[in-house]
Amino acid sequence: MIHLNPAGLGRMPVAAREVLTRWARHEDQHGALALEERLDGGLRRRTQQHLAALLGAPADGITLHRGAAEAFAAHVARLPLGPGDRVWTTPYESASH
């Protein structure tokens, strides 16, 4: 498993900031649902494919999430847990987990 977490790695590149700004403007003009539909309309799939190629991983092995809480919940929900199983976390996970 490879986890890419760019938190604290420095300033965002100008090109990335420009793309983020365009998406934020789109959301402001058309709403969050329209943005989500546009993202699901191919951008997410293409991003997964590009990341998979970059990492040498299968595209279906790449997941994209809006934040850490969503990622944590999505992945823990897929664990084959049974009665008596436990999920251990560190002090760095959100208190909600």
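The values are calculated or read from the model by the stated rules, or taken from the named source; none is laboratory data. No experiment lies behind these values; they were computed from the predicted model shown. Side chains included, ligands, DNA and RNA excluded: accessible areas come from the protein's heavy atoms. Shrake-Rupley method; radii C 1.70, N 1.55, O 1.52, S 1.80 Å.
Quick notes on this structure:
- Residues in the stretch 15-55 average 77 Å² of solvent-accessible surface per residue, probe 1.4 Å, ligands and nucleic acids excluded.
- Taking 0.36 nm per residue of sequence separation and removing the Cα-Cα distance, the residue 29/residue 85 pair yields an extension gain of 15.6 nm.
- Equivalent-ellipsoid semi-axes for the stretch 19-87 (Cα gyration tensor, √(5λ), whole Å, largest first): 29, 18, 9.
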